[in-house]
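Reading through the C-alpha cells given below for one structure.
The values are calculated or read from the model by the stated rules, or taken from the named source; none is laboratory data. Because the structure is predicted, anything quoted here is derived from the model rather than measured. With ideal geometry, Cβ positions are generated from the backbone for all residues, glycine too; neighbour counts draw on all protein chains shown. Accessible surface areas use protein heavy atoms only, side chains included; no ligands, DNA or RNA. Shrake-Rupley method; radii C 1.70, N 1.55, O 1.52, S 1.80 Å.
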Amino acid sequence: MGDVSLTVPVIRGVLEENPDLEITFVTRKFFAPFFYGIPRLNLVFPDFKGRHQGIFGLLRLFKDLKKSGPFESVVDLHGVIRTKILSSLFKTSGVPGFSIDKGRKEKKFLIKSRYIRALKHTTVRYLETFAAAGFKGQVGKAPFLRVDEASSSNTGRFLEKILSKSDHIRIGLAPFATHQPKIWGIQNFRELITLIEAEYEVDFFLFGGGTEEIKLLKEFQGFRPNMYLAAGELALSEELALMNTLDLMISMDSSNMHLASLSGVPTVSIWGGTHPAFGFWALGQPTEYHLQTPASSLKCRPCSVFGDKPCIYPTPRCMEMVKPQDVFEKLVKLKLLKKRTTKVVI
C-alpha cells in the first residue's frame, strides 16, 4: 500500500508538467481512493483472482489493456515478475517499456557496510522512470490526497457522533506494521498515551488494517475512553478524510505513515529494523520526525530493507531502546502537542 500511495505525488507532478499526457494506471481497486480527483488519469483494476490470474491471465490483461490504447510507452513502477512480463508483452507489439531501478545493490551495501547515507527516495526513483520514458515531472508539496464529498460527509458525521468536544488535540496512532522488527509495541504506546494525557487534552484515533490488527486495536481501544477505532469502522476514503483532520500522526514505518504525510499531517514515525535512509522516509516530513535508535548504537541495525528478516534477539532491541519518555519529550520539543486550530474535512 505504501509503494502505491507514493505514486500519487509523482503522477500528479508528471501530469502537471505534461498537459497533453494521459496515463492509464493499473492497480488494485482497493487503492482507487488515493487517485481521486487526478485529471487525465484512467484507472484499470485487474482481476488477479479471476480473469487475470496466472500466466494466461497476464496475457488476457495485456490484450485487455491494448484495447484501451494505443500507448506510447509502458512505465513499470513496480519492477516485479508480473509487471516485467506485461512490459515484455508490450515490447513485442512495438511499445517500449521503462522499468524502475530499485537500487537493490545500494541497499544491500548499506546493510552490509553499516555506512548510513540517505539513498534516493522512492518518489525520485518513480520520477526517474517517467523521465526515461520522456516525461519529466516534479513532486510538489502536500497534501496530495483528495477525498470525495460523500466520504468527507460520512467522516464528519462519524466525528460528530463520537466527539463531545472539538478543541482537543487529535492524534492518530498506527501501532502496527507488516513485520515484527518494525513494531514498537502496544505497551510502549500505553505509556506514551499516559504521558501525553497527563498534560494535554487529546482524542486518539486508531489506524491499521487486516483482521488480526483490527482485533488487537479493539482491545487497545479499551485502554482509554478517548480512544476511537478508525480501522474497520471507516472505508479507506473515509480514513483519508479523517486523517485530514488530525493534528498529528504517530506511526511505525508503515503505509499509514505514508498516507498521513501525503495528507499533509505532521507525522512522527518510530523505526526499528528498517531505516529511513533506504528511501522510504515520510515524504515532506523533517528528519527529526523520524525517531530511531542510531545505527552506531546497535551493530545489527538496520537488519533489512523491509523489516522481513527475523530479529536475532527475542524482541527487537532497536525498538526497546526507543523509550516512551524520550518520544514524549521529543514531541514537546518539536511543539507538536499544541492546542489545535480549527480543521475541516476537505
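Restricted to the stretch 159-184, and to residues there that are closer than 30 Å to ARG317 by Cβ and open to solvent by 20 Å² or more (accessible area, probe 1.4 Å), the residue that is farthest from the chain's Cα centre (by Cα) is GLN180.
Does PRO46 satisfy the criteria of being out of contact with any helix residue (DSSP H, G or I) (no Cβ under 6 Å at 6 or more places or on another chain), over 19 Å from HIS258 (Cα atoms) and either at pLDDT 95 or above or not in a helix (DSSP H, G or I) (or both)? Judged against the criteria, PRO46 is not a match. Where strands (runs of 3 or more DSSP E) fall wholly inside the stretch 247-345, the ranges with 1 or more residues that are open to solvent by 20 Å² or more (accessible area, probe 1.4 Å) and of a type outside the set (Asp, Glu) are 290-292. Cβ-Cβ distances below 7 Å connect the following pairs, each with a first residue in the stretch 150-166 that is farther than 19 Å from MET227 by Cα, a second residue that is open to solvent by 60 Å² or more (accessible area, probe 1.4 Å), and a separation of six or more residues or different chains: SER152/ILE346. Among the residues of the stretch 87-116, those identified as in a helix (DSSP H, G or I) and either open to solvent by 70 Å² or more (accessible area, probe 1.4 Å) or at pLDDT 95 or above (or both) are SER87, SER88, LEU89, PHE90, LYS91, THR92, ARG104, LYS105, LYS108, PHE109, LYS112.
Every condition in (1) surrounded by fewer than 18 Cβ atoms within 10 Å (Cβ to Cβ); (2) in contact with a strand residue (DSSP E or B) (Cβ under 7 Å, 6 or more places away or on another chain); (3) hydrophobic (A, V, I, L, M, F, W, C) is met by LEU59 except one, and the failing one is (2).
Once the stretch 28-43 is narrowed to residues that are open to solvent by 40 Å² or more (accessible area, probe 1.4 Å) and among the hydrophobic types (A, V, I, L, M, F, W, C), the residue that is nearest to PRO9 (Cα to Cα) is LEU43.
Scanning for something among the charged types (D, E, K, R) and out of contact with any Leu (no Cβ under 6 Å at 6 or more places or on another chain), does the stretch 27-43 turn up at least one residue? Checking the stretch 27-43: at least one residue is among the charged types (D, E, K, R) and out of contact with any Leu (no Cβ under 6 Å at 6 or more places or on another chain). Taking residues in the stretch 322-346 that are on the phi < 0 side of the Ramachandran plot, and partners anywhere that are assigned to a helix (DSSP H, G or I) and modelled with pLDDT under 65, not one pair has Cβ atoms closer than 8 Å while being at least 6 places apart or on different chains. Residue-level check: of (1) part of a strand (DSSP E or B); (2) surrounded by 15 or more Cβ atoms within 10 Å (Cβ to Cβ), PHE144 misses just (1).
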